[in-house]
Every structure is written in C-alpha cells, then in structure tokens.
C-alpha cells in the first residue's frame with residue numbers, strides 16, 4: 001500500500017510539475033480558451049447587433065473628439081504653463097476652432113465648389129484637347145502600334161451627358177453640405193456630441209490614466225502604466241505628425257501648382273493634403289488627380305506637374321517627414337502597407353485612417369505581455385546573439401576542404 005501511494009504521489013507530482021505548473025502549458029491553455037471564446041462570439045454575433053449599432057452611432061464623435069484632443073492638448077498645456085487657467089485655455093482653443101471652421105465654410109468650400117464646377121464645364125474642352133494630342137502623335141494608326149478604334153472610342157463618347165451628370169452630382173453634393181436639414185439628418189449626433197466630448201477630454205483627459213491605474217491591482221500597475229504611457233505616446237505622435245505633414249504637403253503642392261499655372265491648384269492641393277494622411281499609399285493617391293488634369297491640359301503641363309511632384313517628394317522625404325515624424329512608431333513600411341490593406345478591407349475608410357495607430361497600440365500591448373511571459377516562464381534564461389553573415393559571405397559558395 002505504501003509503495004502504491006508513493007507511486008501515485010510521484011505520478012501526481014510529475015503531472016503537476018510538467019503541466020499544471022508549466023507556464024508554457026498555461027499560456028497555450030489560455031490561448032485556446034481565447035480562441036474558443038472568439039468562436040462562441042461568432043456563433044452568437046446576432047445578439048450583439050444592438051451594441052454594434054450603438055457603437056457605429058457614437059464612433060464618429062468619439063474618434064473625431066479623440067483626434068482633436070491629441071491635436072490641441074499641447075496648446076492647452078502651453079497656455080497653462082503661461083499662467084492661463086485650464087478652463088479659459090480650452091475656450092481659447094474652441095474660439096480658434098470655430099474661427100477656422102467659419103473661414104473654411106465662407107472661403108474654402110465656395111472656392112472648391114467653383115473649381116469643381118469649372119472642371120466639369122471644361123470636360124468637353126479637355127476631350128477636344130486630348131483628341132488633338134492623340135491625332136498629332138507621330139504614329140501611323142494603321143501600322144498596328146495603336147488600335148484605330150481608340151480614336152473612334154473617344155470621339156463617340158457623349159461628353160455633354162457626362163458633364164451634365166457630374167454637374168448634377170457636384171451641385172447636389174455641395175448643396176447637401178449647405179442644407180440645414182441634410183446636415184442635421186446625417187451629422188446631428190456628431191455635431192452635438194463631439195464638442196462636448198472634446199471639452200471634457202481637454203478638461204479632464206489627463207486624469208484618465210490615473211483613473212485606470214486606480215482600479216488595477218498593485219501588482220500589475222507598473223506594467224499597465226507602461227502600456228498606457230507608450231500607447232498614448234504612439235497615438236499622439238502619429239496623429240500630430242501625420243496631420244502636420246499633410247498640411248505642409250498641401251501647402252507645398254499649392255505653391256508648386258500655382259507657380260506652374262495648373263488649373264484648380266487649390267482643390268488639387270486640398271485633395272493631396274487629405275490623401276497624405278494615409279501613410280505611403282496616400283502619397284501616391286495624392287498626385288493622381290493632378291497628373292490626370294495636367295495630361296488633359298497638355299503634355300507640357302503634364303511634365304511640369306511631374307517636376308512639381310518630384311520636388312515635393314524630395315522635400316517630404318528629406319526634410320518634412322524626418323523632422324516631424326522621425327521613426328516614432330518603429331514599424332516597418334511593409335507592415336504598414338499590410339495593415340492598411342487589411343484594415344481597409346475590414347473597416348473601410350476608417351480602417352485605413354485608424355489602422356496604423358491601432359496596430360501600434362496592439363503592438364505595445366503584445367510586446368509588454370510577451371516580455372512579462374519571457375520573464376516569468378523561465379524559458380528564456382540565456383540571451384543569444386544571432387550571428388549575421390555579410391551579403392558577400394552568403395552569396396559566395398562554400399569551399400570544400402580536401
């Protein structure tokens with residue numbers, strides 16, 4: 001009997017030590033549990049439809065207020081350092097925001113509408129210019145290098161009908177923006193909620209980390225504090241940097257397009273600045289409209305637009321982005337492109353805009369959890385340095401010894 005009990009204890013102690021007390025096994029078990037919970041949620045997703053509807057309703061004002069908070073919180077801090085109270089500082093910021101919005105509504109939007117309408121009206125002229133350019137090419141259309149049907153295709157397009165349709169779209173779009181009923185129907189929640197959220201974020205946003213840490217057990221406060229600090233730093237640097245770069249890029253394009261005399265310079269510059277908020281892909285999308293307009297005007301204008309784009313890319317790559325953004329996110333460009341494609345596919349435009357900062361926050365959390373697991377598991381007691389081979393060593397064949 002005694003031997004049997006000893007054997008059972010040995011078996012039990014072996015099971016406990018190898019499985020129940022093994023950090024790696026616990027990690028795998030927790031991972032399996034998380035995946036099981038996700039599977040259950042996918043099976044009962046219909047139960048969360050009201051929650052999803054509510055989140056979609058409040059997502060815009062919350063995200064917009066958060067972006068504006070990260071933009072204007074440094075200015076509030078500067079005013080407070082100069083002796084201005086926080087409440088008065090916030091109202092000064094609100095006055096500046098209202099002034100900028102009023103200027104945009106009274107000046108920028110009418111200008112954009114006028115240029116868009118002019119572009120639509122000039123489409124037949126651009127069509128005629130494009131046809132003349134094609135016909136003046138020193139290429140024999142009957143030789144087979146260019147399909148003769150191309151000219152016939154462009155000639156048979158009903159450009160007047162396209163012009164009327166685009167004009168109707170632009171008029172209805174800007175008319176909808178100016179319509180009080182349309183604006184109230186679409187943006188009433190955001191217009192009312194966003195300023196209130198922004199005010200309280202600027203007033204008490206700095207207390208949020210302390211409030212979260214207060215409800216965290218003492219054992220985990222340092223780790224959670226690091227996650228909050230790093231996440232806040234990543235998001236703030238990204239939002240401020242991207243928007244500032246977009247503004248600078250828009251100004252550079254406005255100056256360049258105005259110098260070369262490109263039509264619709266302001267509209268194209270605004271489009272370029274908005275697109276430039278999207279990392280990497282935005283820089284390509286920003287120049288496509290200007291290149292198309294330049295090509296429609298004349299080949300010479302197309303070349304001048306290319307020169308402006310090349311100068312802007314040089315200034316942005318060498319001076320603007322390194323000075324403003326630097327390498328704060330420490331994310332590889334290929335990873336950013338994959339995140340943009342995946343987030344855009346899943347969440348649309350909001351995913352493209354918020355995918356990179358969201359990934360940065362997830363990266364901070366996962367890195368902190370991995371470091372915690374690395375310290376507590378005992379599986380990574382020794383540090384190894386990976387020996388890297390020079391490219392010429394990798395490329396050269398290994399000589400066999402005789």
- Mind telling me which of the residues 314, 337, 296, 354 ends up being without any contact (Cβ under 8 Å) to a residue 24 or more places away in the chain and on the phi < 0 side of the Ramachandran plot? 314
- Task: From (1) crowded, with 17+ Cβ neighbours inside 10 Å; (2) at pLDDT below 90; (3) over 18 Å from the mean Cα position of the chain (by Cα), pick out the condition that doesn't hold for residue 304.
- Result: (2)
- Filter result for residue 339 (farther than 23 Å from residue 248 by Cα and not in a loop (DSSP other than H, G, I, E, B)): yes
- Residues that are under 27 Å from the mean Cα position of the chain (by Cα) and modelled with pLDDT of 75 or more: find the helices (runs of 4 or more DSSP H) completely inside the stretch 76-178 holding 3 or more of those. 86-103, 109-121
- Of the residues in the stretch 339-357, those that are exposed (fewer than 15 other Cβ atoms within 10 Å of the Cβ) and at pLDDT 80 or above number 2
- Which listed residue, of 312, 316, is under 16 Å from residue 275 (Cα atoms) and crowded, with 19+ Cβ neighbours inside 10 Å: 312
- Item | Every residue from the stretch 252-287 that is surrounded by 16 or more Cβ atoms within 10 Å (Cβ to Cβ) and outside any helix (DSSP H, G or I) | 262, 263, 264, 276, 277, 278, 279
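The values are calculated or read from the model by the stated rules, or taken from the named source; none is laboratory data. This one's a predicted model, so the numbers in the text were calculated from it and none came from an experiment. So basically every Cβ, Gly included, is an ideal-geometry build from the backbone, and we count neighbours across all protein chains shown.
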